[in-house]
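Undergrad: What follows is a single structure, and I will ask about it in a moment.
The values are calculated or read from the model by the stated rules, or taken from the named source; none is laboratory data. Please read these numbers as outputs of a predicted model, since none were measured by experiment. Note that we place each Cβ from the backbone using ideal geometry, even for glycine, and neighbour counts take in every protein chain shown. Remember, those area values only see protein heavy atoms, side chains included, never the ligands or the DNA or RNA. Shrake-Rupley method; radii C 1.70, N 1.55, O 1.52, S 1.80 Å.
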Amino acid sequence: MLFELVNQSEKYSHSIPIYNLGQWQVKSNSCSASVDLLATQIKTFSKSKPFGVVVTTPEEVMVAKSIASYLYIPGEMCRQADVLTAAKNSSCTILLERGAFLSPQDLLLALPKLEGREILLVDAGTFMGYSDRVLDPRVLSLLKTSGHKFGINLSALLNKSSYEHAPSWIKNDDFIPALMSTAKALGATFLVVDENINEVHLKNWNQ
Amino acid sequence: MFAANWDGNIALGVSIGNKNKLTVMSGPCMLESLELGLKVGTFLKEKCAAANLQYIFKSSFDKANRTSHNTARGPGLEKGLEHLAEIRKTLNVPVLTDIHTPHQAKKAATVCDILQIPAFLCEQRELLIAAAETGKTIQIKKGQHTGPEDVVKVAEFLNHLGYNKVILCERGTTFGYNNLVVDFRNLIEMKKKNHAVVFDATHAVQLPGAGAGVSSGLRHMIPALTRAAIAVGIDGLFMEVHENPDKALSDAATQLPFSTAEEIISFASKYQKNCYS
């Protein structure tokens, strides 16, 4: 299975789009209120197939839950009790991303807040210095013990940091096959990507 | 003068960045009761005044991101703001609290002088915008997983929107699972574009999630780390204090007892002039 974080429309035809309006990141100078933004934009999302939405507040969950099939809770939000409670009270499948700062055990402690929902656990890597995240196989092993399906956010693992002193070799698409093989070998059943991943690699996932 | 021409003025005569009077932001982690808030706030106000330091009361009305799902969260928005209003009026000091959703920003701003953005949410654009729209001072906790340049970018994002009342707060950096380390270089990096910088002495010694479903911590490290931060140079010091930390409903392992808080205030007063950069 492939989930694709998109802003407008998906690049990979076989992916499940997860609409990400970027409201949880200071990466643009947009200052529009996100609840209105989501409420407006959600009408434009293609309904031709199931889709998901990145949500960061209970209000956004309320907007999305009757229309989207999936709710994606980003790592920074994975412990926000009100967001999790709102998601629990939806009928959506929840993609819960582990924060890069969070131990896997702490993520598992958050699961009771989503009791009753189908949960897909997402590992986006573990913080290792200001410029890097690493895929820790032990984390995937622990996620597997939860009994929930899990996958990796491949794009987050490869995301280039703005840290001035970041070594140049650490974020390299040549590592994609190793990351995907590791995840698959440990039982991951899906990937989360954005448009920056070369489609050639994604074909290998399904083989 | 700070970045984007902010003079550092908070409220009630308190102005961060006064090189002769360090600002102390302190109080109980969770506003467990009005009585606790007043007791802790009264103690800290007196000690800071005696030490010629500026004082801002701090406490949370909602611990919205606890490690475990069944631990106490606090009095909630309505009751918490009632308590904070009473504390502000009784002690006549500015108050600081943290917000977790854009919805909370407007309400909290009717009472509080500083709105704090929690570390996990330090890049949540809509929360930052909602806080800025209130016109109050914003204190941004640098995420444990965030580089110093990234939190400076957040401050510059707000400056770009025409908003200049921004304080950056260092609270420790993830150092393996369930551990934090203080990278004092961040106090320098975060100062690069001349934003106000505060050191959070008590959260920086947390061991997140290391206490079997709760966070534990290394309280005994706090005085030394505080001395180091003052030596590097800070505009303010943030610390959580409780009359009985072992019985606290949150951060029991890191909140300071009155005696240690007094020791730190005394040290801060003595060395701020020598070491402030």
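Undergrad: If you go through the stretch B:224-233 one residue at a time, do you hit one that is surrounded by fewer than 18 Cβ atoms within 10 Å (Cβ to Cβ), more than 24 Å from B:His195 (Cβ to Cβ) and in contact with an Asp or Glu (Cβ under 9 Å, 6 or more places away or on another chain)?
TA: Among the residues of the stretch B:224-233, not one is surrounded by fewer than 18 Cβ atoms within 10 Å (Cβ to Cβ), more than 24 Å from B:His195 (Cβ to Cβ) and in contact with an Asp or Glu (Cβ under 9 Å, 6 or more places away or on another chain), which makes the answer no.
Undergrad: I'd like to verify a number: residues in the stretch B:180-218 that are open to solvent by 20 Å² or more (accessible area, probe 1.4 Å) and farther than 21 Å from A:Leu102 by Cα, how many?
TA: Qualifying residue count for the region: 8.
Undergrad: Whether any residue in the stretch A:60-83 is over 13 Å from the mean Cα position of the chain (by Cα), within 12 Å of chain B (Cβ to nearest Cβ), under 19 Å from A:Val6 (Cα atoms) and assigned to a helix (DSSP H, G or I) is what I want to check. First the steps, then the outcome.
TA: Residues of the stretch A:60-83 over 13 Å from the mean Cα position of the chain (by Cα): A:60-69, A:79-83.
The next check asks that each one be within 12 Å of chain B (Cβ to nearest Cβ); those that pass are A:60-62, A:79-83.
Restricting the remaining residues to those that are under 19 Å from A:Val6 (Cα atoms) gives A:60-61.
Those still in the list that are assigned to a helix (DSSP H, G or I) too: A:60-61.
Looking for residues that are over 13 Å from the mean Cα position of the chain (by Cα), within 12 Å of chain B (Cβ to nearest Cβ), under 19 Å from A:Val6 (Cα atoms) and assigned to a helix (DSSP H, G or I), one finds at least one in the stretch A:60-83, hence yes.
Undergrad: Kindly list, by first and then second residue, each pair from a residue in the stretch B:10-27 that is closer than 13 Å to B:Val198 by Cα to a residue that is of a type in the set (Asp, Glu) and surrounded by fewer than 24 Cβ atoms within 10 Å (Cβ to Cβ), limited to pairs with Cβ atoms under 6 Å and residues at least 6 apart or on different chains.
TA: Listed pairs, sorted by first residue: B:Ile16/B:Asp235; B:Gly17/B:Asp235.
Undergrad: Continuing with the same structure: If you take just the helices (runs of 4 or more DSSP H) that sit entirely in the stretch A:129-185, which of them hold at least 3 residues that are more than 24 Å from A:Leu114 (Cα to Cα)? First the steps, then the outcome.
TA: Numbers: elements: A:137-145, A:154-158, A:176-185.
Ranges flagged: A:154-158, A:176-185.
Undergrad: Return the residue satisfying two criteria in turn: it lies in the stretch B:234-253 and is of a type in the set (Asp, Glu) and over 17 Å from the mean Cα position of the chain (by Cα), and of such residues it is most open to solvent (accessible area, probe 1.4 Å).
TA: Residues of the stretch B:234-253 that are of a type in the set (Asp, Glu), as a first pass: B:235, B:240, B:243, B:246, B:251.
Add one more test, that the residue is over 17 Å from the mean Cα position of the chain (by Cα), and what stays is B:243, B:246.
Values: B:Glu243: 87, B:Asp246: 122 Å².
Here the answer is B:Asp246.
Undergrad: Follow-up question, since we're still on this one. If you go through the stretch A:102-128 one residue at a time, how many are in a loop (DSSP other than H, G, I, E, B) and either of a type in the set (Gly, Ala, Ser) or surrounded by fewer than 22 Cβ atoms within 10 Å (Cβ to Cβ) (or both)?
TA: Count: 8.
Undergrad: Determine whether the stretch B:25-40 contains at least one residue that is modelled with pLDDT of 95 or more, open to solvent by 70 Å² or more (accessible area, probe 1.4 Å) and either under 28 Å from B:Thr146 (Cβ atoms) or not charged (D, E, K, R) (or both).
TA: no
Undergrad: While we're here: Can you find a residue in the stretch A:32-45 that is assigned to a helix (DSSP H, G or I), over 26 Å from A:Glu199 (Cα atoms), acidic (Asp, Glu) and within 8 Å of chain B (Cβ to nearest Cβ)?
TA: The first filter runs over the stretch A:32-45 and keeps only residues assigned to a helix (DSSP H, G or I), leaving A:34-41.
Narrowing further to those that are over 26 Å from A:Glu199 (Cα atoms): A:34-41.
Then drop every residue that is not acidic (Asp, Glu), which leaves A:36.
Right, trim to within 8 Å of chain B (Cβ to nearest Cβ) and you get none.
Within the stretch A:32-45, none of the residues are assigned to a helix (DSSP H, G or I), over 26 Å from A:Glu199 (Cα atoms), acidic (Asp, Glu) and within 8 Å of chain B (Cβ to nearest Cβ).
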